[in-house]
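Novice: The following block contains the structure, expressed as structure tokens.
Every number here is computed from the coordinates shown, using simple stated rules; none is lab data. Because the structure is predicted, anything quoted here is derived from the model rather than measured. Don't worry about glycine lacking a Cβ; one is built from the backbone with ideal geometry, like all the others, and counts go over all protein chains shown.
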Amino acid sequence: MKAFSPTFQGREWKSGSGALHLYVRPEPTDREFYDLAAACRAVMGEYPIWCVPDDLVHITIEMDAAAPSSGISTDERRSLIAALKARLTRIKPFTVLCGSPLAGRTGTVLDTHPDQGLVALQNLVRNALWEVHDTAAISSGGGRAHASLGYAYDSADSDPLQSALRRITPSHAPLTVSRLHLLDVRWTAHPRPEGGVRWEMDWDPVAVLPLGTA
């Protein structure tokens, strides 16, 4: 495992700057998910990992990479929200199963299954971004959908961490996908006494968009 460093438009993130993101967030009723996340935090606490608190846990659907959030005008935001609302009526709320916990290259995640619902949601979001901006609004393939639980801020042997995560039971939890959150996400680099930085995120809400509702 090595230190995580966020990027934007292929370059290192400018500390404190923001970008619009579309996230799925667990609902208050997803108690099993929160219990699993808490069990993972208890294990990650022994490693150089910034553990994502409950109010920041998310599944990334897409980032608006056309420009930093400061460069996205009010009219563009309104157009994006309208384009998303028009498309989200086509997909009904659904549930995904999250787990088992995995120690990845730069942190800890929960994979999601099945893939179809989140892939369909991502395709609708990308279509809306293309309508409002152009293909430059899509930064990359993004990989398989997952819930991010922690981001490493130093190098460490991930094998013992993965062994500890495997002992967590139950290792899976359902998550309800009924709303899409448009957020202005910031990453900030916090200097560490030992040298280097620890990247942490926060956000400002922009809009909450329900699925399957006209």
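Novice: Looking at region 75-115, which of the residues that are under 30 Å from residue 165 (Cβ atoms) and free of Cβ contacts under 8 Å to residues at least 40 places away in the same chain is surrounded by the most Cβ atoms within 10 Å (Cβ to Cβ)?
Specialist: 111
Novice: In region 26-54, which residues are surrounded by fewer than 21 Cβ atoms within 10 Å (Cβ to Cβ), farther than 12 Å from residue 161 by Cβ and of a type outside the set (A, V, I, L, M, F, W, C)?
Specialist: Once the filter is applied, which keeps residues that are surrounded by fewer than 21 Cβ atoms within 10 Å (Cβ to Cβ), farther than 12 Å from residue 161 by Cβ and of a type outside the set (A, V, I, L, M, F, W, C), region 26-54 yields 27, 28, 29, 30, 31, 32, 34, 35, 41, 53, 54.
Novice: Could you list, in sequence order, all residues of region 184-214 that are part of a strand (DSSP E or B) and without any contact (Cβ under 8 Å) to a residue 24 or more places away in the chain?
Specialist: Across region 184-214, the qualifying residues are 190, 191.
Novice: Moving on. Considering only strands (runs of 3 or more DSSP E) fully contained in region 51-153, which possess at least 2 residues that are hydroxyl-bearing (Ser, Thr, Tyr)?
Specialist: 94-103, 107-113, 146-152
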